[in-house]
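Let me begin by presenting the structure, written as structure tokens, before commenting on it.
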Amino acid sequence: MSRDDTRQTERSLRVDAARNRERILEAARHEVARSGADTSLEQVARRAGLGSATVRRRFPNRRLLLEAVQWDQVMTLCAEAADQARAADPHQALRSWLTSVTRYVTSSSAMAASLTPLGRTERGESCFAKVAAAGQPLVERAAAVGAVHPGATAADLITVVTGIVLVTRDEPDADSRARQLIDLAWAGLMPARAGQRIPTGNQVEGSPGRH
């Protein structure tokens, strides 16, 4: 085999490997949404139309596969935040991004703890910190035009969304209940009307205010 043929074969193998990885991750996203974190590698392999050995070569155990799915979705949220930061309407941009965060947490509630301050991937990176940092410019833009309370942060909003979804996930109509509470929380994050005081940051009801 010539050197050119060898290079072509190597390129083809890399393309096939990348394509198989995407098929595995896509199948895993569907299976996690359907069966939760107990999804087996065999289930994923069947949905992807690949052999179990192929899946195991790429992801030797379930934890590594779930982490890859998790990180892939976290990076998607970060990329969307960057796109929304260029949108003309800061209020709508933030709401759209939070809708995506809500959709992720709802569809992957078995892994939703990754979007709490304590959630970490095996590689030691905080999913919460990554997504919060990506969303912070959206919150700051919205606050600058008066669309969200100036004391709010992206970390606050992610915590609220994740907490609501986790608390309501076992209710009969979990999606509707979560959306209702998120809308209510969003209303509370809007700037206060004249004479109305909303505690922010470390201030809570009954605690001393800042001077």
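Averaging Cα coordinates gives a centre for the range 59-100 and one for the range 133-194; these two points are 16 Å apart. Remark: the range 45-61, residue by residue, has Karplus-estimated 3J(HN,Hα) of 4, 4, 5, 6, x, 10, x, 4, 5, 5, 5, 5, 5, 7, 10, x, 9 Hz, where x stands for each Gly or Pro and the curve is 6.51 cos²θ - 1.76 cosθ + 1.60 at θ = phi - 60°. Ligands, DNA and RNA excluded, the heavy atoms of R62 present near 100 Å² of accessible surface to a 1.4 Å solvent probe.
The translational diffusion coefficient of the range 133-193, from Stokes-Einstein at 25 °C and 0.890 mPa s with a Kirkwood hydrodynamic radius over alpha carbon pairs, comes to 200 µm²/s.
With all protein chains in place and ligands, DNA and RNA left out, the 1.4 Å accessible area ranks E140, E171, E31 as E140, E171, E31, largest first.
The values are calculated or read from the model by the stated rules, or taken from the named source; none is laboratory data. From a predicted model like this one, the values you see are computed outputs, not experimental measurements. What goes into the accessible areas is simple: the full protein's heavy atoms, side chains included, and nothing from ligands, DNA or RNA. Shrake-Rupley method; radii C 1.70, N 1.55, O 1.52, S 1.80 Å.
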